[in-house]
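Peer 1: Take this structure first; my questions come after.
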């Protein structure tokens with residue numbers, strides 16, 4: 001078998017943050033955030049690609065206005081961007097996050 005197989009939680013019902021793949025090339029994460037949950041405000045430690053799979057993402061980047069993105073949206077966020085990620089809606093927010101290249105350290 002040449003391929004490597006990774007798994008992630010399906011239909012999580014509580015806050016979930018899973019690092020699925022971490023290597024020198026990229027970091028691949030799966031996140032599920034119930035209503036009212038979010039991530040601590042932080043600056044990106046790599047270029048970030050966020051794919052909204054379920055629900056609505058509420059996000060503020062840098063000094064920009066808060067924006068909302070529905071399922072089916074892919075965002076590219078530059079390295080060292082201040083961000084605040086939240087789920088302010090009733091449906092579970094589910095995301096895949098790719099950091100490429102992977103953050104150092």
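Peer 1: Would you please list the contacts, defined by Cβ atoms under 8 Å and residues six or more apart or on different chains, that run from a residue in region 11-39 that is on the phi > 0 side of the Ramachandran plot and modelled with pLDDT of 95 or more to a residue that is in a loop (DSSP other than H, G, I, E, B) and surrounded by 17 or more Cβ atoms within 10 Å (Cβ to Cβ)?
Peer 2: 36/87
Peer 1: I've got another one for you. Only one of (1) surrounded by 13 or more Cβ atoms within 10 Å (Cβ to Cβ); (2) farther than 22 Å from residue 21 by Cβ is not met by residue 40, so which one is it?
Peer 2: Among (1) surrounded by 13 or more Cβ atoms within 10 Å (Cβ to Cβ); (2) farther than 22 Å from residue 21 by Cβ, residue 40 violates only (1).
Peer 1: From the list 99, 76, which one is within 14 Å of the chain's Cα centre (by Cα), loosely packed, with under 15 Cβ neighbours inside 10 Å and on the phi < 0 side of the Ramachandran plot?
Peer 2: Working: 99 fails: loosely packed, with under 15 Cβ neighbours inside 10 Å.
Unique residue meeting the criteria: 76.
Peer 1: When you go through 91, 64 one by one, which is the residue that is exposed (fewer than 13 other Cβ atoms within 10 Å of the Cβ) and within 25 Å of residue 11 (Cβ to Cβ)? Step through it out loud before you land on a result.
Peer 2: On the way: 64 fails: within 25 Å of residue 11 (Cβ to Cβ).
Checking each option against the conditions leaves just 91.
The values are calculated or read from the model by the stated rules, or taken from the named source; none is laboratory data. As the structure is a computational prediction, the values presented were derived from the model and not from experiment. In this analysis, Cβ positions are derived from the backbone assuming ideal geometry, glycine residues included, and neighbour counts consider all displayed protein chains.
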